[in-house]
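As structure tokens, the structure follows; a few thoughts come after it.
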Amino acid sequence: MSEKVTEKVHLLIIGSGPAGYTAAIYAARANMKPVLYQGIQPGGQLTITTEVENYPGYPDGIQGPEMMVNFEKQAVRMGADIRYGMASKVDFSTQPYKVEIDEENWIEADAVIISTGASAKWLGIESEQRLNGFGVSACAVCDGFFFRGKEVAIVGAGDTAAEEALYLSKLCTHVHMIIRRDSMRASRVMQDRVINTPNITIYWNSETEEILGEHKVEGVRIKNVTDNSTKEVAIGGFFVAIGHKPNSDIFKDYINMDDTGYINTIPGTSKTNLEGVFAAGDEQDKNYRQAVTAAGSGCMAALDAERYLSAKGVI
Ligand code: NDP
């Protein structure tokens, strides 16, 4: 690997969601002079949501993009060096660790915090993209509240879809659950709960042909793939729960992960299999995936990094 190293830093943070910015705030206050690269979507997944009502400290709620601007401002005020740029490759074979930015420059770091997050998978149909944020959402816990008292649809059949369908069934008058096969992938107990909930209707062997509505979601056209029949249902919200992909591809040669790409951390810590490399946020958390849990894990990573760097005598 020909690596033209242009800079050496104590702590490099990769990613700019709640985990990365929180790590930057803590690390800057601890005088670790963190450098954070924001990635292609500065602010992360919260920048594609609308109102956030469940992050403590905002009694009137706050728009997701605005909240992430606040996170960034706070990190900058504490002295973090926040940069636009994307980690394109890493070489963790020897210390100091090396990270390539924008396929150009290599930076060396004594410690690295990975906070690259995860991306929701989408169906890939035109109406889903057009109405994203206008009734189409990939997070029932974030956005379900806006559809209370209305009918909604959800697509997916894993544990996430089952959990979110049950969550929505408590807020919404009816949940239409669209499942592409004749069975669910979710655990048996979750399947049973979904099937036994009176205000959830399951459409087996079914696909979303189109989400209906000009400027906001007004309905969905569901196609049964066994007989090609279609049915239109009036809804106010459409939830996609077909899985997330952790943004961890560039680390796979060095960092232990599960078979779906979620980074393994030592339970109760942010430590990975490599000393001095820590992980915080959604790329290491398939269960909770909330802004507040990501922020909490960012704090853990900064504290773990601080202990590591001071034990090495770097700071
Ligand atoms: P999964 O990958 O388990 O499930 C994804 C679901 O979406 C599958 O049912 C799949 O269908 C369906 N799907 C995928 N692509 C499409 C598509 N294009 N159109 C329609 N349907 C599609 O993801 P989850 O997010 O549900 O779960 C991820 C992991 O996290 C799992 O291991 C799960 O057990 C775990 N989890 C655990 C929880 C808990 O224990 N409380 C809560 C939530 C998640 P098909 O089955 O046909 O492939």
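The values are calculated or read from the model by the stated rules, or taken from the named source; none is laboratory data. The structure presented is a predicted model; accordingly, all values stated were derived computationally and were not measured. So basically every Cβ, Gly included, is an ideal-geometry build from the backbone, and we count neighbours across all protein chains shown. SASA here: full protein model, heavy atoms, side chains in, ligands and nucleic acids out. Shrake-Rupley method; radii C 1.70, N 1.55, O 1.52, S 1.80 Å.
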- line: region 212-235 scanned against label point 7 Å out from residue 201 along Cα→C-beta; backbone N under 17 Å for 212, 218-225, 229-235
message: Whole angstrom only: what separates the Cα centroid of region 185-200 from the Cα centroid of region 114-129?
response: 25
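Place the peptides 146-155, 297-306 in order of packing, highest mean first, counting for every residue the other Cβ atoms within 10 Å and averaging per peptide.
Highest-to-lowest ranking by the protection proxy: 297-306, 146-155.
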- request: Compute the FRET efficiency between residue 187 and residue 3 as 1/(1 + (r/R0)^6), taking r as their Cβ-Cβ distance and R0 = 30 Å, and round to the nearest 0.05.
  value: 0.10
- line: The rounded separation in angstrom of the Cα centers of region 3-21 and region 237-297 is 17
- prompt: How many Å² of accessible area per residue for region 122-240, probe 1.4 Å?
  reply: 50
- request: Keeping the other protein chains in place, figure out the carbon and sulfur percent of the accessible area of region 122-240, with a 1.4 Å probe.
  value: 48
- prompt: For residue 4, which aspartates and glutamates qualify as cross-link partners when the Cα separation must be under 18 Å and same-chain residues fewer than eight apart are set aside?
  reply: 91, 100, 102, 103, 104, 108, 110
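Suppose a student asked you for the relative contact order of the chain, using Cα pairs under 8 Å spaced at least 6 residues apart; what percent would you report?
Contact order relative to length: 21 percent.
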message: So for region 200-315, averaging the separation of alpha carbon pairs under 8 Å that are six or more residues apart and normalising by length, what relative contact order in percent results?
response: 14
- prompt: What ranking, highest mean first, results for peptides 136-143, 270-277 when packing means the other Cβ atoms within 10 Å averaged over each residue?
  reply: 136-143, 270-277
- line: The simple spin-label model distance between residue 221 and residue 264, using points 7 Å out along Cα→Cβ, in nm, is 4.8
query: How much FRET efficiency would the formula 1/(1 + (r/R0)^6) give for residue 73 and residue 229, where r is the Cβ-Cβ distance and R0 is 41 Å, rounded to 0.05?
result: 0.20
message: So if I place +1 on the C-beta of Lys and Arg and -1 on the C-beta of Asp and Glu, and nothing else carries charge, what would the dipole magnitude of the chain be about its Cα centre? I want it in debye, nearest 20.
response: 540
query: For the chain, which cysteines have no disulfide-compatible partner, meaning no other cysteine Cβ under 4.7 Å?
result: 172, 299
- request: With no solvent and one equal point scatterer placed on each C-alpha of region 1-129, evaluate the Debye formula and give log10 I(q)/I(0) for q = 0.09, 0.22 Å⁻¹, two decimals.
  value: -0.30, -1.23
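Name the helices (complete DSSP H segments) of the chain with a Cα length along the long axis of 18 Å or more and a Kyte-Doolittle mean of at least -1.0, or state none.
Values: long enough: 64-77 (20 Å, -0.54); 159-171 (19 Å, -0.03); 291-311 (30 Å, 0.61).
Result, helices passing both filters: 64-77, 159-171, 291-311.
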- request: Can you tell me how much longer the chain between residue 95 and residue 249 gets when fully stretched, taken as 0.36 nm per residue apart minus their C-alpha distance, in nm with one decimal?
  value: 53.4 nm
- request: Specify which residue in the list 113, 136, 173 is farthest towards the positive end of the charge dipole of region 84-225, using unit charges on the beta carbon of Lys, Arg (+1) and Asp, Glu (-1), about the Cα centre.
  value: 173
query: Per 10 Å bin, what is the whole-percent P(r) computed from every C-alpha pair distance within the chain?
result: 6, 26, 29, 20, 13, 5, 0
- prompt: Ranked highest first by average number of other Cβ atoms within 10 Å, how do 79-85, 156-162, 109-115 line up?
  reply: 109-115, 156-162, 79-85
query: Roughly to the nearest percent, how much of the accessible area of region 62-107 is carbon and sulfur, given a 1.4 Å probe?
result: 46
Estimated FRET transfer efficiency when R0 is 51 angstrom, pair residue 210-residue 81 (beta carbons, to 0.05): 0.65
